[in-house]
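Here is the structure we will look at, set down as structure tokens.
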Amino acid sequence: MTDRNARIREFFDDYKKANADFDVQKIAACYAEVFMFGGPAGVKPVKKDDFVKVLHRRKEFFRSAGLVSSTIQNLEVSNLDSKYALVKALWEMRFERGTGEQVSSENSTTYVVSNSDGRFEIVFQIDHQDLTKRVQELGLK
């Protein structure tokens, strides 16, 4: 593993921890000022300030669905050039129903990260499934 790939993995460890702790400032620091977000419904540019404004609603939605943890099960890094890398992540989201039953969902996301001023930031994120619909399909909402 190259030093750069190790630093990208460390970046995603920090990103995972920021999400687990719901540290809005640390989550926001992982993204460019404007980034592209893609999903099953299409692609759109997102301003970091607007993203931060919806994070609390997102947290509340997943909390009410019983989200217990969200961990990266697998991370594949492909360097595109000296500035950009493509990162494929397999996330496992673990939920607990009101009955105590555990439910897991594997979800994949592809990121393009940029090495800017010696630090990485997400410039493109593609969620390969609609997480809101996935929660509904699992009968959690």
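The values are calculated or read from the model by the stated rules, or taken from the named source; none is laboratory data. These numbers were taken from a predicted model, which means no experiment stands behind them. Using ideal geometry, Cβ is built from the backbone for each residue, glycine included, and neighbour counts are taken over all protein chains shown. For the accessible areas, the whole protein counts, side chains as well, though only heavy atoms, and no ligand, DNA or RNA atoms are used. Shrake-Rupley method; radii C 1.70, N 1.55, O 1.52, S 1.80 Å.
Among the protein heavy atoms, those of Y15 account for about 10 Å² of accessible surface (1.4 Å probe, every chain in place). Shown for the chain: the carbon plus sulfur share of the solvent-accessible area, taken with all protein chains present and a 1.4 angstrom probe, equals 49%.
Expressed as a whole percent, the proportion of Cα-Cα pairs in the range 30-99 lying more than 17 Å apart is 64%.
The candidate values are [x] 26, 17, 14; [y] 23, 17, 15; [z] 47, 14, 12; the one derived from this structure for semi-axes √(5λ) of the Cα gyration tensor in Å carries the label [x].
Only Lys, Arg, Asp and Glu carry charge here, each on its Cβ (+1 for the first two, -1 for the last two); on that basis the chain has a dipole of about 300 debye about its Cα centre.
Partners of K133 within straight-line reach, counting lysines whose Cα lies under 25 Å from its Cα and excluding those fewer than 8 residues away in the same chain: K16, K17, K44, K47, K48, K53, K59, K88, K141.
Calculated accessible area for the range 1-97 comes out at 61 Å² per residue, all protein chains present (probe 1.4 Å; ligands, DNA, RNA ignored).
Electrostatic tally near E121: other residues with Cβ closer than 10 Å to its Cβ, Lys and Arg +1, Asp and Glu -1, net 0.
Taking the Cα centre of the chain as the origin and placing charges on Cβ (Lys, Arg +1; Asp, Glu -1), which of A41, V103, F120 is farthest toward the positive end of the dipole? So the residue we want is A41.
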